[in-house]
Structures are given as C-alpha cells and as structure tokens.
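**Q** Handing you this structure, nothing more for now.
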Amino acid sequence: MYENKPLYELAKEAETFAQRYNTTVEGIPEATKRLEGPDFGMFAAITGFNKDSYRNERK
Amino acid sequence: MKDVLLVLPSLPEGSRNGRSMLHAETSAPPIGLAYIASYLTQQGHSTAIEDLRLYDKTGDGVLSDSVLESVVSGIIEKHNPRFVGVSSKTQTYPNARRILQAVKSVSDIPVIAGGIHTTFLPKEALQDGFDFVVRREGEETISELIQAIEERKDYTQVTGISFMKDGKIINTPDRQYVRDLDSLPFPERDSLDLDKYIQRGVIITSRGCPLPCNFCSCGAFSNHAYRRRGKENIIAEMKEMESKYDISEFFFHDDTFTLQTEDAKALCKRIEEEFKDIVWGCQARADTMEPELAKSLYDAGCRAIQFGVESGNQEVLTSMRKGITLQQVEDAVSYVHSAGIPNITCSFIIGHPEDTEDSIADTINFARHLLDVGATYTPVSLLTPFPGTSIYKNAEAYGIKIVEHPWDQTYFATPLIETKNLTRERLKELYNIALGAIFNKIYEKAEERR
C-alpha cells in the first residue's frame, strides 16, 4: 500500500508547488513549461544538464 | 529547383514559452519527412525539407501569421518546387492551412497534405483547398501520386489518396502498408539541420501499433499493422548516424520499443556488441517489461525510458483498453530502476470517460507513489479527443461532450471536453491540482537526490 491522500490534501500540495514557483494553482501549467533540467523531462538523462555523468557511468 | 518541397508547419501561438525539455515538439527533427525525402530521392526526384519551427529564433517554434506568410514566400522562391507536401498533426493543421494559402498566393503548384490529422479528416483538407491528401504512411503513395500528376494519369489508380473531382470527394482505397521496412532507404538526414535539435539522433525501428487504446490514434493510423525492421538494418542505420553525423545519443521514436520482449532483448544485444559509447531513450509498455529485458536495455545504453500508464485507477485503466495492470506498472518501474536506468518517465491522462474525482485522486496518488518506486518524472495530461481515436469517433457513446474543438489547442493541456462525471471547468481545476501535486513531489524527490 502507498500514501493515498484525499483530493483536498493533494490540492494543498499543488498550492505548495505554486508557491515554490511564485504563481497560483491556476498558473501551474504555465510554470511547468518553464522547468528545465535533469529532473523534468522525458529524456532528461540524455539531453539534460548532467547528461555526461550518465555517459561516463557506462564507460 | 527542387521537384518536391516538404514542409513541417510551425507550432501554434499557445506553444510559446515551451522551450523546456517537456516540450518534445521542438526538440526532434521531422524524421517522417526525411523518410519521404529519401524514398522520393530513390525514385529520382530532388527534394528539400523545411521545418518552419526553426524560423522562430526564440526556440519556441512559433511564427506569427505574417511571418509565416513571409517565410513561405521565401522558401518557395528559394526552392522553386514543382510540388509542395505539408505534413501536420491536429495541433499544427491550422498552420498547414496557412502554408497552403501562402503557397497559393505566389504559385499554382499542387499542394499535398499528409500526416495523421488529414489522414482522418481528408474532406476538411480538400475543402480548405489542398489539391490532394496522402493518407497514412506516405512514401509510396506520394511517389505514385507525383508520377500520376506528371504523366496525367487517372488519379483513381493511386491507392491511399483523396482528391476532389467535379466537386465530389474521391477517397481511393487504403494502400497496403510497407511490409518489409528494410526495403525503405534510411531517412535523408542530409536534408535536416540536425544541430538545431535537442534530439539529433531520432531513429525508428518499427511502425504501427496493434493495441486498441481508446484515447490514441496510433493504432488506427496503422490499421493496427505492427512491423519491425531487421536488427542488422537498424544497426546499419545507427552506424551511419554515428559515423556520418557524429551521433552518440539516440532516441527510439517507436510507438512501443519493447512490444516484443524477446525481439527487444536481441536488438539490445546487437547494440551492445556494436556500440560502446552511446546512450539512448525509448518508450515501452509496462506489461512487456521483465528484469532480464531491463538489464539488456541498460547494458545496451538505455538511460531514459517512458511508460504510458494513463491512470492510477484499475477500473479506469481497464475501461480505456490499455491492457495493463497497476501491479505491472509498479513492477516495470522497479525493474528498470533496479537495472540502473536513471530517467524513468510514467505519463498519465485524466478526464477519461469513466474518471471521477476519486479516480483522479487515485491517479495523482499512484503517480506520486511511482516516484518512490524509482520513476523520476510522472507528467499528467488532459484527455484530448484527437481525430482517429475511438474517443473522438464515439464521444456520445462514451458520455463525452466535445465542448469546443479548436485544432490549434488540441494538445493535452487544454480542456476541450466534459464527461458524464465531470464538467469542463472541474476538469481544468483537477488538471491544475494533479500537475501541482505531482510536480511538488518530483521537486521534493529531486531535492532528496541532491
């Protein structure tokens, strides 16, 4: 089993995220567009800032 | 002068500020057009590819209407083509139409529409003024069509096209798919400005999808005909990409790279034997993943993998005919994480016909849970009624009302529907909560790793 938060608690999490990026919950979709880096992106380990570390790991 | 100019439209205005790696649209070269170009070249035609996204210097891939018109005039003057082909998805179709209008304002050459959107809505494209629509996979069809036009033959003999004749729309029968993908030449990468893309090393090892997911049009586009290339043919293309274009980061853009587990393992083995310093990413299905395959992927250089999970509620997952279980997803993430693959994406959709507030909470919680299991990125989208999907064709039967359908906003993040359980406004609110709650956890996990 894993943590199963009710929707109102998940909404609080969303508010926390919005505050981190100085926006409102309504502004979250726009804020996520601006995220870059190794933690945000489908192929970030290959295209991201620290991609060379993953390549070196294989050598 | 070129025989055929192949054009990829710029992105719609709503795509601005999308330069991040979330925004895959601008990061990959148009490999489909490169396949068309290489086939036409093999048939004796000269070709050029213009990706209009690259004319936006901000990197967003967006051009204003006036700039788009000016760019099209410029490329028509530069290439002086005898035919123009424009490939579009639903989101870029309005810009494909603008390109058509811009071409026709300076030239009377035939303009051919292709791609997934016009494959399913050829009538709309013809009524908008396109001279022909090439439906589904285009290599053989566009080649035969050009020959028929040049030799003034009867178009009805060309399978897989749509056109107007005496005010009536003619759809010729669907073309048989290319059975032997190895018979196709490699994509013409010389026609692409590869250095302009984040994903320089895009490659496709299979075509088609046999699966019946009701929210996806990939299966319908291929009539569910799944075909794989031979391993040596794939290795040969990768060798060419490595030696000719200095590519060492590969992106397998197959709908599902791991559809056939044993075949995927065998390909990984060959990649591992032939390439010592490459890394790559692919898309996979959770139900095909097993520890041995996960290790094979890692050993061959896989460092990023994506699973389409779609829902964190089993009943909803079953209703969309995805054919996977939540347990399989959790296991798959665990296997690839244990194998050492560092970048694991699990993507979700909310707003399915059977979704409720509770099932969407389940999805958010499951996405957050997978981040504890080993996933690194779990984005969420809104259900989008793309033409060609069962959802689009049978919306009423699913209890879905398509409230509005501006093509240029038909792209995962715009609420276009309401369901029997959720209004459009509530779906938008739930989407914001889902994104925020999931990304907050991604942020926290990233902080933990630092």
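**Q** Taking the range B:324-336 on its own, how many of its residues are away from chain A (no Cβ under 14 Å) and under 28 Å from residue B:201 (Cβ atoms)?
**A** So the count comes out to 2.
**Q** In this structure, is residue B:321 of a type in the set (Lys, Arg), away from every other protein chain (no Cβ under 13 Å) and more than 30 Å from residue B:390 (Cβ to Cβ)? Step through it out loud before you land on a result.
**A** On the way: of a type in the set (Lys, Arg): yes; away from every other protein chain (no Cβ under 13 Å): yes; more than 30 Å from residue B:390 (Cβ to Cβ): no.
No: the conditions fail for residue B:321.
**Q** Let me ask something additional. Among the residues of the range B:225-247, is there at least one that is in contact with a strand residue (DSSP E or B) (Cβ under 6 Å, 6 or more places away or on another chain), hydrophobic (A, V, I, L, M, F, W, C) and either within 25 Å of residue B:292 (Cβ to Cβ) or within 14 Å of another protein chain (Cβ to nearest Cβ) (or both)?
**A** Yes, the range B:225-247 contains a residue that is in contact with a strand residue (DSSP E or B) (Cβ under 6 Å, 6 or more places away or on another chain), hydrophobic (A, V, I, L, M, F, W, C) and either within 25 Å of residue B:292 (Cβ to Cβ) or within 14 Å of another protein chain (Cβ to nearest Cβ) (or both).
**Q** So, one more: Can you name every residue in the range B:387-406 that is at pLDDT below 95 and either over 22 Å from residue B:125 (Cβ atoms) or crowded, with 22+ Cβ neighbours inside 10 Å (or both)?
**A** B:403
**Q** Can you tell me which of (1) among the charged types (D, E, K, R); (2) under 26 Å from the mean Cα position of the chain (by Cα); (3) away from chain A (no Cβ under 14 Å) is the one residue B:428 doesn't meet?
**A** (3)
**Q** Here is a follow-up. Does the range B:220-242 hold any residues that are of a type in the set (S, T, N, Q) and either surrounded by 15 or more Cβ atoms within 10 Å (Cβ to Cβ) or over 30 Å from residue B:174 (Cβ atoms) (or both), and which are they?
**A** Passing the criteria: B:222, B:233.
**Q** Something else: Answer yes or no as to whether residue A:8 is at pLDDT 55 or above, in contact with a Ser or Thr (Cβ under 9 Å, 6 or more places away or on another chain) and either more than 7 Å from every other protein chain (Cβ to nearest Cβ) or closer than 19 Å to residue B:249 by Cα (or both).
**A** No; evaluated as a whole, the condition is false for this residue.
**Q** For the range B:372-409, give me the residue count where each residue is assigned to a strand (DSSP E or B), in contact with a Ser or Thr (Cβ under 6 Å, 6 or more places away or on another chain) and more than 14 Å from chain A (Cβ to nearest Cβ). Walk me through it before giving the result.
**A** Going residue by residue through the range B:372-409, those that are assigned to a strand (DSSP E or B) are B:377, B:380-382, B:401-402.
Pick out the ones that are also in contact with a Ser or Thr (Cβ under 6 Å, 6 or more places away or on another chain) and you get B:377.
Within this subset, residues satisfying the condition of being more than 14 Å from chain A (Cβ to nearest Cβ) are none.
Of the residues in the range B:372-409, 0 are assigned to a strand (DSSP E or B), in contact with a Ser or Thr (Cβ under 6 Å, 6 or more places away or on another chain) and more than 14 Å from chain A (Cβ to nearest Cβ).
**Q** Could you please let me know if residue B:205 is surrounded by 20 or more Cβ atoms within 10 Å (Cβ to Cβ), at pLDDT 95 or above and of a type in the set (S, T, N, Q)? I'd like the intermediate steps shown before the answer.
**A** On the way: surrounded by 20 or more Cβ atoms within 10 Å (Cβ to Cβ): yes; at pLDDT 95 or above: yes; of a type in the set (S, T, N, Q): yes.
Answer is yes for this residue.
**Q** If the requirement is being away from every other protein chain (no Cβ under 14 Å) and not polar (S, T, N, Q), which of these qualifies: B:415, B:353?
**A** B:353
**Q** For the range B:268-283, indicate whether the set of residues that are away from chain A (no Cβ under 14 Å) and buried (at least 18 other Cβ atoms within 10 Å of the Cβ) is non-empty.
**A** Step one: list which residues in the range B:268-283 are away from chain A (no Cβ under 14 Å), which gives B:269-270, B:273-274.
Retained after the next criterion (residues that are buried (at least 18 other Cβ atoms within 10 Å of the Cβ)): none.
Within the range B:268-283 (the criterion being away from chain A (no Cβ under 14 Å) and buried (at least 18 other Cβ atoms within 10 Å of the Cβ)), the answer is no, since none of the residues qualifies.
**Q** Scan the range B:172-194 and report the pairs whose first residue is of a type in the set (Lys, Arg) and whose second residue is buried (at least 16 other Cβ atoms within 10 Å of the Cβ) and in a helix (DSSP H, G or I), with Cβ atoms within less than 8 Å and a gap of 6+ or a chain change.
**A** Matching pairs, first to second residue: B:175/B:140; B:175/B:141; B:189/B:34; B:189/B:241.
**Q** If you don't mind, another one. So, in the range B:239-287, how many residues would count as being over 21 Å from the mean Cα position of the chain (by Cα), closer than 22 Å to residue B:310 by Cβ and touching a residue at least 40 places away in the same chain (Cβ under 8 Å)?
**A** Residues meeting the conditions: 1.
**Q** Determine which single condition residue B:99 fails, assuming it passes every other condition in (1) farther than 19 Å from residue B:189 by Cα; (2) away from every other protein chain (no Cβ under 14 Å); (3) at pLDDT below 95; (4) over 18 Å from the mean Cα position of the chain (by Cα).
**A** Of everything listed in (1) farther than 19 Å from residue B:189 by Cα; (2) away from every other protein chain (no Cβ under 14 Å); (3) at pLDDT below 95; (4) over 18 Å from the mean Cα position of the chain (by Cα), residue B:99 misses just condition (3).
**Q** Right, here's the next one. On the given criteria, is residue B:305 touching a His at 6+ places or on another chain (Cβ under 7 Å) and within 10 Å of chain A (Cβ to nearest Cβ)?
**A** No.
**Q** Take the range B:410-450 and flag every residue that is part of a loop (DSSP other than H, G, I, E, B), at pLDDT 95 or above and either surrounded by fewer than 21 Cβ atoms within 10 Å (Cβ to Cβ) or hydroxyl-bearing (Ser, Thr, Tyr) (or both). Break it down into steps so the answer makes sense when it comes.
**A** So the first thing to find is which residues in the range B:410-450 are part of a loop (DSSP other than H, G, I, E, B), and the list is B:410-416, B:419-423, B:450.
Those left that are additionally at pLDDT 95 or above: B:419-423.
Selection gives B:419, B:420, B:421, B:423.
**Q** Okay, next question. Checking the conditions here, which among B:97, B:82 is surrounded by 18 or more Cβ atoms within 10 Å (Cβ to Cβ) and free of Cβ contacts under 8 Å to residues at least 40 places away in the same chain?
**A** Values: B:82 fails: free of Cβ contacts under 8 Å to residues at least 40 places away in the same chain.
Exactly one of B:97, B:82 is surrounded by 18 or more Cβ atoms within 10 Å (Cβ to Cβ) and free of Cβ contacts under 8 Å to residues at least 40 places away in the same chain, namely B:97.
The values are calculated or read from the model by the stated rules, or taken from the named source; none is laboratory data. Bear in mind the structure is a predicted one, so any value in this text is a computation, not a measurement. Methodologically, a virtual Cβ is constructed for each residue, glycine included, from the backbone with ideal geometry; neighbour enumeration extends over all protein chains shown.
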